[in-house]
Amino acid sequence: MTVFELLLPAFVAALILTGIHAYLGVHVVERGVIFVDLSLAQIAALGTTVAYLLGYDLHSTAAYLCSLSFTFLGAGVFAMTRVHHKTRIPQEAIIGIVYAVAAAVSMLVMSKATQETEHLKHMLVGNILSVSWPEIAKTALLYALVGAFHFIFRHRFLLISMNGEEAERRGWNVRFWDFLFYVSFGVVVTSSVAIAGVLLVFCFLIVPSVAAMLFAERLWTRLAIGWSLGAVVSAAGVMLSFELDLPTGAAIVATFGAALLLLAGVRLLLPRRTA
């Protein structure tokens, strides 16, 4: 196997992750729920752990559905706790509490598992370099369906994310649409974490969106910048991991950090204008 054949699946998987996560990241940043994907990822891991203790194989459909059902529960919690005005308890606090409790319960459940705990840990760490083409195809199809769903209802999702008070004035059921948003978001996170791990998924979600906000205000301009950055950083991170014999996911995360610092420096040198 050539170097190109070895690294190509990881790069294609990273491009697919960038495509959906850069878009969802716009919503996450605008809503101010930066750590929601970490929380949903931890809830998904808890669901997988419970499925294993119930006797299901970690890679079975039953385990995936169990993980997804836990994620839907988290989506319901986040939809119900969203606020559009100042409150003594911000939603980010609720997200942090849910993450901590889910992590603690996962550890308690895993303490009763006699085998396969390394596989459970692997779910959080991920290994994008080992992703297979069938897995890439299945993930691409799933993300395409989620993307189509968001495109059809883009006006509602975007207005609720950017101006929730206006959506309420129009008489929309904001909590219902929030629930649909978090359900679709949970479907993506549940699949992404299994491939890339929590840290890399978080970077795909947040860094392209934050970098794009440095230079643009318009949605499509921000998406174009985010997608371009994700593609370039993914290629650089994969090559860096190969050349220096480093873990691929961690190398991409570090490259994302370096790229964001570089772009922030460039922005400081440019006139204060946005596209």
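Numbers for the structure displayed
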read-out	value
Residue satisfying condition, being under 22 Å from Asp37 (Cβ atoms) and modelled with pLDDT of 90 or more, within set Gly249, Gly230	Gly230
Hey, Ala79 surrounded by fewer than 22 Cβ atoms within 10 Å (Cβ to Cβ) and either of a type in the set (Gly, Ala, Ser) or in contact (Cβ under 8 Å) with a residue 60 or more places away in the chain (or both) or not	yes
Qualifying residue in region 23-39 (condition: closer than 23 Å to Ala103 by Cβ, of a type in the set (S, T, N, Q) and surrounded by 19 or more Cβ atoms within 10 Å (Cβ to Cβ))	yes
Enumerated helices (runs of 4 or more DSSP H) restricted to region 138-240, each holding at least 3 residues that are β-branched (Val, Ile, Thr) and either crowded, with 21+ Cβ neighbours inside 10 Å or in contact with a helix residue (DSSP H, G or I) (Cβ under 7 Å, 6 or more places away or on another chain) (or both)	174-196, 198-213
Sole residue being out of contact with any strand residue (DSSP E or B) (no Cβ under 6 Å at 6 or more places or on another chain), farther than 19 Å from Leu158 by Cα and among the aliphatic types (A, V, I, L, M), chosen from Ile252, Ile206, Ile225	Ile252
Selection within region 16-57 - on the phi > 0 side of the Ramachandran plot and in contact (Cβ under 8 Å) with a residue 24 or more places away in the chain	Gly32
Any hit, region 192-200, residues being farther than 23 Å from Ile252 by Cα and small (Gly, Ala, Ser)	no
Matching residues, region 52-106, being farther than 27 Å from Lys138 by Cα, at pLDDT 80 or above and part of a loop (DSSP other than H, G, I, E, B)	Thr81, Pro90
Test for Trp220: is it closer than 18 Å to Gly25 by Cα, among the aromatic types (Phe, Trp, Tyr) and without any contact (Cβ under 8 Å) to a residue 12 or more places away in the chain	yes
Residue count for region 258-275, restricted to those that are under 23 Å from the mean Cα position of the chain (by Cα) and either under 18 Å from Asn127 (Cα atoms) or surrounded by 13 or more Cβ atoms within 10 Å (Cβ to Cβ) (or both)	4
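The values are calculated or read from the model by the stated rules, or taken from the named source; none is laboratory data. Quick caveat, the model's predicted, so the values are computed rather than measured. We place every Cβ from the backbone using ideal geometry, glycine too, and count neighbours over all the protein chains shown.
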